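The values are calculated or read from the model by the stated rules, or taken from the named source; none is laboratory data. This is a predicted model, so every value here is computed, not measured. With ideal geometry, Cβ positions are generated from the backbone for all residues, glycine too; neighbour counts draw on all protein chains shown.
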Amino acid sequence: MKKNRAGGKSTHHLDHDQILKLFGQHINPSKVRILKSAGLDLVEGKREGPYVWDVSGNRFIDCITGAGSFNVGRRNPEIINALKEALDDYDLGGFLFFSEAKVQLAEKLASISPQGLLKCVTFGCGGGESIDFAIKLSRGSTLRPTVITADRGYHGHTGFALSGIGRDAYRKPFGPLMPEFIRVPYGDLDALKKVINENTACVLLEPIQGEGGIIIPPESYFPGVRKLCDENGALLIVDEIQTGWGRTGKLFCCEHYGIVPDILCVGKSMGGGLYPITAALYKEELQDFIFANPFIHFSTFGGSDLGCKVALATIDYIEKNQLWLNAEKMGMIFQQGFEKLKLQYPQILAEYRRKGLMMGLQYASEHMGPRMSFELAKRGVIAVFSANDPRVMRFMPSLVIQKEDVLFVLDALDKSMGAISKGVSHG
Ligand SMILES: Cc1ncc(COP(=O)(O)O)c(C=O)c1O
């Protein structure tokens, strides 16, 4: 076994160029070309806490984190131990049968759900799958057809979720998609009021749009959406797949708005960055539909026993360390830095948006996003611009990040903006 430059044991036998060449040949050639041109052709080697190393041993602070998949840090030792221990007793488990791991997790989720009101759960493997289930549950429970989503919303690439996505480029080649999906501008209650009615099964929204460019709605938006849903007998699905698990300074982002959705979808960091598991949590009254249709929805690997054990350890870690508090504390240091950068480089940084460690920098032009990714990568920071809006760069570091690394990222931003404003590139 080789040692990598970072000093860890390495199982890598191929170098960076060989891996990219094979990836291009067998998986996705255009992805290789595009990421290379943005300086994001990272071949991940060692990973630890807020860091990732490339296979040559260069360290980066990971500000992408799989769009919020590594809230507990990368390769968190406590979660690794939980997975190892689980392997002593469990395998995936039979999806038809019952197990202690499944009910332990279900009970835990019910107890930590917003206001303890989402007592029931259906597990999945992927986020899109949990959204699909939430939409099925809404249509099945209400016997209504219409699903309202938001422009620029992002809910995954599976069947129902893709139909609800707010970006035409992702949907266009696959039409016709599911009927009766309509989209409204995000954050606009009047627009929702015009379309919601007795045909609406559900309204599906992210509490902060991630892929859409870190769009934080007005404070009054979600209480207003909740009210409109109640008045029209429609269900409210909140997609916390990206915002959940402490990311925004609370365990779940909808707690900032004081509302409880009918269905809450969570995923990504629930698996501690080590084992895929997602969940749709829902109110007890919706269980009537499941009661009448007990075998209406299956997922072979969804809520596997190993996944449940890992999720329990992950939730325990998040609670024990109150990671949401660190998200807000570190987020404030970022904010002070962003404020300075905005004054120093007004021609580059137009605006920033933040809740906890869910952060977005909006650059003055579309060209800045890819250039900033490139400059930051050279300075040890991995960050990516949003597919929906290349002016916006998302910063979602692990929630275990500490001050020293926050200052490192801010320094890299300062130097990168300095290089761009002088028209020089550090290389
Ligand atoms: C808000 C949101 N919903 C749904 C998904 C889809 O999750 P998955 O990629 O696990 O299907 C994502 C993934 O980025 C997301 O950010």
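Across the range 86-101, not a single residue is classified as free of Cβ contacts under 8 Å to residues at least 60 places away in the same chain and either within 15 Å of the ligand (Cβ to nearest atom) or closer than 21 Å to Cys202 by Cβ (or both). Every residue in the range 391-405 that is buried (at least 19 other Cβ atoms within 10 Å of the Cβ) and either polar (S, T, N, Q) or under 14 Å from Gly210 (Cα atoms) (or both), please. The answer is Arg391, Val392, Met393, Arg394, Phe395, Met396, Pro397, Ser398. Is it the case, given these coordinates, that Ile237 is of a type in the set (Val, Ile, Thr) and away from the ligand (no atom under 12 Å from the Cβ)? So Ile237 fails the test. If the condition is being surrounded by 21 or more Cβ atoms within 10 Å (Cβ to Cβ) and within 16 Å of the ligand (Cβ to nearest atom), then the range 114-130 contributes Thr122, Phe123, Gly124, Gly126, Gly127, Gly128, Glu129, Ser130. Considering only residues in the range 273-304 that are of a type in the set (A, V, I, L, M) and within 16 Å of the ligand (Cβ to nearest atom), the one that is farthest from Cys120 (Cα to Cα) turns out to be Leu274.
So, Gly307, is that one within 16 Å of the ligand (Cβ to nearest atom), outside any helix (DSSP H, G or I) and out of contact with any helix residue (DSSP H, G or I) (no Cβ under 6 Å at 6 or more places or on another chain) or not? No; evaluated as a whole, the condition is false for this residue.
Taking the range 103-125 as the range and being under 20 Å from Gly246 (Cα atoms) and among the hydroxyl-bearing types (Ser, Thr, Tyr) as the test, the residues that pass are Ser111, Ser113.
So for the range 200-216 (the condition being under 25 Å from Ala387 (Cα atoms), of a type in the set (D, E, K, R) and away from the ligand (no atom under 15 Å from the Cβ)), does at least one residue qualify?
Here is the first cut: in the range 200-216, the ones under 25 Å from Ala387 (Cα atoms) are 203-216.
From the residues that got through so far, the ones that are of a type in the set (D, E, K, R) too are 206, 211.
Next, only the ones that are away from the ligand (no atom under 15 Å from the Cβ) stay: none.
No; the residues of the range 200-216 include none that is under 25 Å from Ala387 (Cα atoms), of a type in the set (D, E, K, R) and away from the ligand (no atom under 15 Å from the Cβ).
Can you say whether Phe298 is modelled with pLDDT under 95 and either touching a strand residue (DSSP E or B) at 6+ places or on another chain (Cβ under 9 Å) or under 30 Å from Phe160 (Cα atoms) (or both), as far as the supplied structure shows? Criteria met by Phe298. Scanning the range 123-140 for residues that are out of contact with any Leu (no Cβ under 6 Å at 6 or more places or on another chain), of a type in the set (Gly, Ala, Ser) and in a helix (DSSP H, G or I) gives Gly127, Gly128, Ser130, Ala134, Gly140.
Residue by residue, here is whether (1) assigned to a strand (DSSP E or B); (2) modelled with pLDDT under 90; (3) buried (at least 19 other Cβ atoms within 10 Å of the Cβ); (4) not basic (Lys, Arg) holds:
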position: Leu22; (1), (2), (3), (4): no, no, no, yes
position: Gln25; (1), (2), (3), (4): no, no, no, yes
position: Arg33; (1), (2), (3), (4): no, no, no, no
position: Glu48; (1), (2), (3), (4): yes, no, no, yes
position: Val52; (1), (2), (3), (4): yes, no, yes, yes
position: Val72; (1), (2), (3), (4): no, no, yes, yes
position: Ala82; (1), (2), (3), (4): no, no, yes, yes
position: Ala86; (1), (2), (3), (4): no, no, yes, yes
position: Phe98; (1), (2), (3), (4): no, no, no, yes
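All conditions but one from (1) out of contact with any Gly (no Cβ under 8 Å at 6 or more places or on another chain); (2) at pLDDT 90 or above; (3) more than 23 Å from Val43 (Cα to Cα) apply to Ile382; the one that does not is (3).
Looking only at residues in the range 246-272 that are touching a residue at least 60 places away in the same chain (Cβ under 8 Å) and within 14 Å of Leu105 (Cβ to Cβ), the one that is nearest to the ligand (Cβ to nearest atom) is Gly267.
On the basis of being of a type in the set (Asp, Glu), modelled with pLDDT of 95 or more and either under 26 Å from Phe123 (Cα atoms) or buried (at least 18 other Cβ atoms within 10 Å of the Cβ) (or both), does Asp239 make the cut?
Details: of a type in the set (Asp, Glu): yes; modelled with pLDDT of 95 or more: yes; either under 26 Å from Phe123 (Cα atoms) or buried (at least 18 other Cβ atoms within 10 Å of the Cβ) (or both): yes.
Against the criterion (of a type in the set (Asp, Glu), modelled with pLDDT of 95 or more and either under 26 Å from Phe123 (Cα atoms) or buried (at least 18 other Cβ atoms within 10 Å of the Cβ) (or both)), Asp239 qualifies.
Checked against the criterion of being at pLDDT 90 or above, assigned to a loop (DSSP other than H, G, I, E, B), within 17 Å of Asp41 (Cα to Cα) and in the same structural domain as Val43 (by TED's automatic domain parsing), the range 386-400 has no qualifying residue. Whether any residue in the range 132-141 is surrounded by 15 or more Cβ atoms within 10 Å (Cβ to Cβ), away from the ligand (no atom under 16 Å from the Cβ), of a type in the set (D, E, K, R) and under 26 Å from Cys253 (Cβ atoms) is what I want to check. The answer is yes, given that some residue of the range 132-141 is surrounded by 15 or more Cβ atoms within 10 Å (Cβ to Cβ), away from the ligand (no atom under 16 Å from the Cβ), of a type in the set (D, E, K, R) and under 26 Å from Cys253 (Cβ atoms).
Taking the range 205-243 as the search range and keeping residues that are in a loop (DSSP other than H, G, I, E, B) and without any contact (Cβ under 8 Å) to a residue 40 or more places away in the chain, which one is nearest to Ala279 (Cα to Cα)? Explain how you work it out, then say what you get.
Going through the range 205-243, the residues in a loop (DSSP other than H, G, I, E, B) turn out to be 206-208, 210-214, 216-220, 233-234, 240-243.
Filter once more, so that each one left must be without any contact (Cβ under 8 Å) to a residue 40 or more places away in the chain: 217-220, 240.
Values: Pro217: 24, Pro218: 27, Glu219: 26, Ser220: 27, Glu240: 10 Å.
This residue is Glu240.
If you go through the range 142-167 and keep only what is more than 14 Å from the ligand (Cβ to nearest atom) and either of a type in the set (D, E, K, R) or crowded, with 21+ Cβ neighbours inside 10 Å (or both), you end up with Arg144, Thr146, Val147, Ile148, Asp151.
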